[in-house]
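> Below is one structure. I have some questions about it.
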Amino acid sequence: DSGVTQTPKHLITATGQRVTLRCSPRSGDLSVYWYQQSLDQGLQFLIQYYNGEERAKGNILERFSAQQFPDLHSELNLSSLELGDSALYFCASSPGRYNEQFFGPGTRLTVL
Amino acid sequence: TQLLEQSPQFLSIQEGENLTVYCNSSSVFSSLQWYRQEPGEGPVLLVTVVTGGEVKKLKRLTFQFGDARKDSSLHITAAQPGDTGLYLCAGDKASSNTGKLIFGQGTTLQVKP
């Protein structure tokens, strides 16, 4: 158990819908990262927040957005969903030292 | 363009054999991590190397960071079926001022009993 929690574990929805994925980092970690993992693309970095502020952006689509709240939990919002958005979405948190990241169990999103 | 190239991409071996996985780049990294991921689960951090030439051992796993901090290797001695999984290397670019990690595409290891 990494100490990072993600909900829900599984999510099945239809194209065009909007979903919210939630992540709680390890106690004391200020950085939260979101990743998308699909079979053909591997682990793709989406976005990083540090203590409530956006710090780095990766291959995140405009239909996706994220935020980190004062209690440090984070949410990833995915809208206008497409079939190709089906993937595993991971959240990770880091204590900052050497940017070691601790991953949550992931949310498996299926868009039908 | 993949900044971190892992090889091989797939490896299927018999229990008891040794193996080495490589992670190469033309970029310099402040640190490099190795993760292991099982299907449907999140990657689990195995080790972090930060000094050029550093060697770390974790039971039957030996990790090495290249002298120039551009490459790394993972060697497993006497592989066991429990070692089966996806091995990912990830680096923190020396020129980056964020915590963004660059991940390799992974090496899928299958150890047959």
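The values are calculated or read from the model by the stated rules, or taken from the named source; none is laboratory data. Here the structure is a predicted model, which means the values were calculated and not measured. Counting neighbours? That spans all protein chains shown, and the Cβs are built from the backbone with ideal geometry, glycine included.
> Considering only residues that are surrounded by 22 or more Cβ atoms within 10 Å (Cβ to Cβ), facing chain A (nearest Cβ under 10 Å) and in contact (Cβ under 8 Å) with a residue 24 or more places away in the chain, which ones fall in the stretch B:32-48? Steps first, answer last, please.
Going through the stretch B:32-48, the residues surrounded by 22 or more Cβ atoms within 10 Å (Cβ to Cβ) turn out to be B:32-35, B:42-43.
Add one more test, that the residue is facing chain A (nearest Cβ under 10 Å), and what stays is B:32-33, B:35, B:42-43.
Those that are surrounded by 22 or more Cβ atoms within 10 Å (Cβ to Cβ), facing chain A (nearest Cβ under 10 Å) and in contact (Cβ under 8 Å) with a residue 24 or more places away in the chain: B:LEU32, B:GLN33, B:TYR35, B:PRO43.
This table checks each residue for (1) under 30 Å from A:ASN51 (Cβ atoms); (2) not in a strand (DSSP E or B).
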| position | (1), (2) |
| --- | --- |
| B:TYR35 | yes, no |
| B:PRO39 | no, yes |
| B:LYS57 | no, no |
| B:THR108 | no, no |
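> Within the stretch A:1-23, track down each residue that is touching a residue at least 60 places away in the same chain (Cβ under 8 Å) and not in a loop (DSSP other than H, G, I, E, B). Before you say what the answer is, go through the steps one by one.
The initial filter retains those residues of the stretch A:1-23 that are touching a residue at least 60 places away in the same chain (Cβ under 8 Å), namely A:2-19, A:21, A:23.
Answer for the stretch A:1-23, where residues must be touching a residue at least 60 places away in the same chain (Cβ under 8 Å) and not in a loop (DSSP other than H, G, I, E, B): A:THR5, A:GLN6, A:THR7, A:HIS10, A:LEU11, A:ILE12, A:THR13, A:VAL19, A:LEU21, A:CYS23.
> Examine the stretch A:80-95 for a residue that is over 28 Å from B:TYR87 (Cα atoms), touching a strand residue (DSSP E or B) at 6+ places or on another chain (Cβ under 7 Å) and surrounded by 19 or more Cβ atoms within 10 Å (Cβ to Cβ), and state whether such a residue exists. Step through it out loud before you land on a result.
Of all residues in the stretch A:80-95, those over 28 Å from B:TYR87 (Cα atoms) come to A:80-82.
Still in the running and touching a strand residue (DSSP E or B) at 6+ places or on another chain (Cβ under 7 Å): A:81-82.
Right, trim to surrounded by 19 or more Cβ atoms within 10 Å (Cβ to Cβ) and you get A:81.
Yes, some residue in the stretch A:80-95 is over 28 Å from B:TYR87 (Cα atoms), touching a strand residue (DSSP E or B) at 6+ places or on another chain (Cβ under 7 Å) and surrounded by 19 or more Cβ atoms within 10 Å (Cβ to Cβ).
> Then there's this: Applying the selection to the stretch B:49-83, what residues are touching a residue at least 40 places away in the same chain (Cβ under 8 Å) and either among the polar types (S, T, N, Q) or surrounded by fewer than 18 Cβ atoms within 10 Å (Cβ to Cβ) (or both)?
At the first step, the residues of the stretch B:49-83 found to be touching a residue at least 40 places away in the same chain (Cβ under 8 Å) are B:68-81.
Within the stretch B:49-83, B:ALA68, B:SER72, B:SER73, B:HIS75, B:THR77, B:ALA78, B:GLN80, B:PRO81 meet the criteria.
> Here's a follow-up. Hey, among the residues in the stretch B:10-31 that are within 14 Å of chain A (Cβ to nearest Cβ) and at pLDDT 95 or above, which one's surrounded by the most Cβ atoms within 10 Å (Cβ to Cβ)? I'd like the intermediate steps shown before the answer.
Of the residues in the stretch B:10-31, the ones within 14 Å of chain A (Cβ to nearest Cβ) are B:10, B:23, B:29-31.
Next, from what is left, pick out any that are at pLDDT 95 or above: B:10, B:23.
Values: B:PHE10: 9, B:CYS23: 27.
Here the answer is B:CYS23.
Per-residue answers, yes or no, for (1) hydroxyl-bearing (Ser, Thr, Tyr); (2) on the phi < 0 side of the Ramachandran plot; (3) over 13 Å from the mean Cα position of the chain (by Cα):
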| position | (1), (2), (3) |
| --- | --- |
| A:ILE12 | no, yes, yes |
| A:GLN36 | no, yes, no |
| A:ASP40 | no, yes, yes |
| A:ARG55 | no, yes, yes |
| A:GLU62 | no, yes, yes |
| A:SER65 | yes, yes, no |
| A:PRO70 | no, yes, yes |
| A:HIS73 | no, yes, no |
| A:SER94 | yes, yes, yes |
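> Step by step: first the residues of the stretch A:91-112, then only those that are more than 9 Å from chain B (Cβ to nearest Cβ) and part of a loop (DSSP other than H, G, I, E, B), then the one that is modelled with the lowest pLDDT. Which residue is that? Don't jump to the end; show me each part of the working.
Going residue by residue through the stretch A:91-112, those that are more than 9 Å from chain B (Cβ to nearest Cβ) are A:93, A:95, A:107, A:109-112.
Filter once more, keeping what is part of a loop (DSSP other than H, G, I, E, B): A:95, A:112.
Details: A:PRO95: 83, A:LEU112: 95.
Among residues in the stretch A:91-112 that are more than 9 Å from chain B (Cβ to nearest Cβ) and part of a loop (DSSP other than H, G, I, E, B), the one modelled with the lowest pLDDT is A:PRO95.
> Okay, next question. Take the residues in the stretch A:36-58 that are surrounded by 20 or more Cβ atoms within 10 Å (Cβ to Cβ) and within 8 Å of another protein chain (Cβ to nearest Cβ), then tell me which one is nearest to A:LEU72 (Cα to Cα).
A:GLN48
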